[in-house]
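A short reminder: the numbers here are calculations on the coordinates, not readings from a lab. For clarity, every value in this text was computed on a predicted model and none was experimentally measured. Using ideal geometry, Cβ is built from the backbone for each residue, glycine included, and neighbour counts are taken over all protein chains shown.
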Amino acid sequence: MSKRCVKCSKDVTNDKRMKDAKGQYWCFDCGAKDEASRGSGLVQKCPGCGTPTHAAKFIRVKERYVCENCAEGGGKGKVKGGASDTRNDKIKVIVGVVCLLFGVFLIVQSL
């Protein structure tokens, strides 16, 4: 049996979702917007760092919803796939290529 969001009808069977008091499922985006519009105090722990965060403040990074701090890479639960991680990965690749070229240079010089 598939679980569908009552607001947008999205299939949330394998996605992050919310369940209201009536037992109806909400996709995370619709649920957060609904809670924010009603001024509810829905607070959940960030899966990255555990910080209590209002549902409307979560940011989607890849397949996870995390607090703003984790999304920016500053929280305890740094999320792979953020902008800073992409830059760090590029730097690692460049350093690796430079080291490889230097190694080849040393081998050629020793011949």
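What is the extension gain from VAL104 to GLU72, computed as 0.36 nm multiplied by their sequence separation minus the C-alpha to C-alpha distance, in nm to one decimal? Could you put the intermediate results ahead of the total?
Working: separation 32, 0.36 × 32 = 11.52 nm, distance 3.76 nm.
Contour length minus the Cα-Cα distance gives 7.8 nm.
Provide the packing ranking of 24-35, 94-105, 57-68, i.e. peptides ordered by the mean count of other C-beta atoms within 10 Å per residue, highest first. Present the calculation step by step, with values, prior to reporting the outcome.
Numbers: 24-35: 19.4, 94-105: 10.0, 57-68: 17.4.
Sorting 24-35, 94-105, 57-68 by mean packing, highest first, produces 24-35, 57-68, 94-105.
At 7 Å along Cα-to-Cβ for each site, give me the label-to-label distance between LYS22 and ARG60 in nm.
2.4 nm
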